[in-house]
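First comes the structure, then the notes that go with it.
The numbers here are math on the coordinates, done by the rules we state, and not lab data. As the structure is a prediction and not an experimental result, all values here were calculated from the model. Backbone-built Cβ (ideal geometry, glycine too); neighbour counts: all protein chains shown.
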Amino acid sequence: MQAESESFQPADVDAFLDEFVLIERDSLVQRLRAAGARLQELAGRIPEGAPPGGAGWSPHQVLAHIAALSKLYGMLTYRIGTGALSEFELMPMVNQRDSAGAALAQLPAAQLAAMIQADHSRTLEYVRKASADDLRRTCALGSGRAMSAGEVLRLALVAHLEQHVRQLEAALPDC
């Protein structure tokens, strides 16, 4: 096997890394699609108006939270990736997301599921076309923190969604 790194130039390294960012992007697209599809299955089983269980959230409240986070983190992925947003304070935004989630909990599960699906569709439309540079573009979040558009997509949206899908699967065991 020939060692290819001996002939690498800086541009080759950049292209090599870009390729991995795009492979990860495509994987995140698949993960978001899969988690969204599973969520749609589960949403149809969520009883309307069920009270929260103990100190936790009811499945309906989890669905409302997912609606809020899907909108927020999909929008942030797009705005950071396109360069429209280079800094903002994260904590007030998270507090607004939680307030929005509480208001959304008043909507029927079917309406929440449709909103989530629409937000995921918009996010997927952008992400499928995003370049490696777009996904690496960063935003200052306050308190010395920064995240790239790709990190918001991977962590705040996809991993967060997968976490709550597992939560719903546990709460709706016959699914």
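At a glance:
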quantity: Where a label projected 7 Å from the Cα of Glu125 along Cα→Cβ would reach, residues of region 79-112 with amide N under 16 Å; calculated: 79, 82
quantity: Extension gain from Glu19 to Glu169, taking 0.36 nm per residue of separation minus the Cα-Cα distance; calculated: 50.6 nm
quantity: Top of Ala37, Ala113, Ala130 by mean-square fluctuation, Gaussian network on the chain, Cα under 10 Å; calculated: Ala37
quantity: Structure-derived Kirkwood radius over Cα pairs in Å - corresponding label in (1) 19.3; (2) 15.8; (3) 17.4; calculated: (3)
quantity: Principal-axis tilt of helix 90-104 within the chain, Cα atoms, nearest 10 degrees; calculated: 40
quantity: Gaussian network model of the chain, Cα within-10 Å springs - most flexible of Ser131, Ser143, Ser70; calculated: Ser143
quantity: Other-chain or far-sequence residues with amide H under 5 Å of Met147's (modelled H); calculated: Cys139, Leu141
quantity: 0 to 90° range, to nearest 10: angle between helix 10-43 axis and the chain longest Cα axis; calculated: 10
quantity: Using alpha-carbon coordinates, inclination of helix 59-81 to the longest axis of the chain, degrees; calculated: 30
quantity: Candidates Arg38, Arg145, Arg128, ranked by Gaussian network fluctuation over the chain, Cα under 10 Å, top entry; calculated: Arg145
